[in-house]
Amino acid sequence: MVLQQHQEHSAALTKGKVEASVGHAQKTPLRGLRFEHLDDGQTYLDRWERRWADTRIHGTTKRQVAAMFAEERPALGPLPLEPFRYYQYGRRTVHLDGCVEVASAYYSAPPGWIGRRVDVQWDDIHVRLLDPGTGQLLREHLRTARGWHRIADNDRPARTPPKTLALLAAAKRAGPAISAVCDHIHRHEGAAGVRRILGVLSLARKHGPAVVEDAANGALELGVPTYRFLKRYLDRHHVAPLALRQVDPLIRELTVYRDLIDRRTGDRS
């Protein structure tokens, strides 16, 4: 315990000295200067370091900086081969397919996290899912392209989740062809296809089950039972809403309204 406290105290002292050197560099060589290019500024700092910073006597140790660095150099380790990672951060909800979305790509979370929130870190190479309560690493995936999935083998369900079964039942109620398309998506894509099944059901709500059922029949006949085909087909063959009809059994003749108005206005006169 005493050793740990001593290490923390030493680290705190060292941290202050390191941060103070940053302010020293900003105020001493760079103050009031502007550079057109980053390389020009780096060249200036290299020259300043050789001629002034390395040759000065350190105020605390009373020794030359270059001499102290020469003593410490053998103990220094090599720089890492890859640059320091700069992650972007966010929070995501685990979808019904067991994945979270990052930059239009999808990455699996462990079983039991559907509907829950996770912290996410990502850079150009990795996507990391973290427990928001403990900070524990849940999953680390390699980045993938937009629209693609990264699913760990341990995250693939052994049987169809109840919520997915409910979606397939809703598709069956919407129409036999819609159901066939959704079943095909589920058989071939598994959990990753849940989003597309939701997309098909959303199209049915937007355009009406009858319109989407006709489109699904065409998709099955052409051998392309996919959400993308249905959406493109409906976008290109958008059915305009029905125009209001002037003549309908529920709408009375205009002469009836005219006579009613004449009677009412005549009674008042």
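Values quoted throughout were computed directly from the atomic coordinates according to the rules given, and no laboratory measurement underlies them. Values in this document were obtained by computation on a predicted structure and should not be read as measured data. Ideal geometry is used to build each Cβ from the backbone, glycine not excepted, and the neighbour counts take in all protein chains shown.
Summary table
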{"item": "DSSP-assigned coil residues among GluC sites (Glu not before Pro) in segment 15-112, each with at most 14 further Cβ atoms within 10 Å", "result": "E36"}
{"item": "Sorted by Cβ neighbour density within 10 Å, fewest at the top, the residues E140, E189", "result": "E140, E189"}
{"item": "Proximal aspartates and glutamates relative to K62, as straight alpha-carbon distance under 12 Å, when same-chain residues fewer than 8 apart are discounted", "result": "none"}
{"item": "Rg and Dmax [Cα atoms of segment 22-119; Å; Rg one decimal, Dmax integer]", "result": "24.0, 65"}
{"item": "Per residue Cα convex hull volume in Å³ - calculated over segment 156-209", "result": "64 Å³"}
{"item": "Segment 88-155, relative contact order in percent, only Cα pairs under 8 angstrom and at least six apart counted", "result": "32 percent"}
{"item": "Those trypsin sites (Lys or Arg not before Pro) in segment 60-124 that DSSP places in a loop and that have at most 13 other beta carbons within 10 Å", "result": "K62, R63, R85, R116"}
{"item": "Cut-off 13 Å between beta-carbons: net charge of the residues surrounding Y87, Lys and Arg +1, Asp and Glu -1", "result": "-1"}
{"item": "Added length on full extension, which subtracts the Cα-Cα distance from 0.36 nm per residue, L142 to L30", "result": "36.3 nm"}
{"item": "Sequence of S108, S202, S179 once ranked by neighbouring C-beta atoms within 10 Å, starting from the fewest", "result": "S202, S179, S108"}
{"item": "Fewest-first ranking of D123, D183, D39, using other Cβ atoms within 10 Å as the exposure measure", "result": "D39, D123, D183"}
{"item": "Chymotrypsin sites (Phe, Trp or Tyr not before Pro) within segment 80-131: DSSP coil, no more than 13 neighbouring Cβ in 10 Å", "result": "F84, Y86, Y87"}
{"item": "Spin-label model distance (nm) - V224 vs D119, 7 Å beyond Cα toward Cβ", "result": "4.5 nm"}
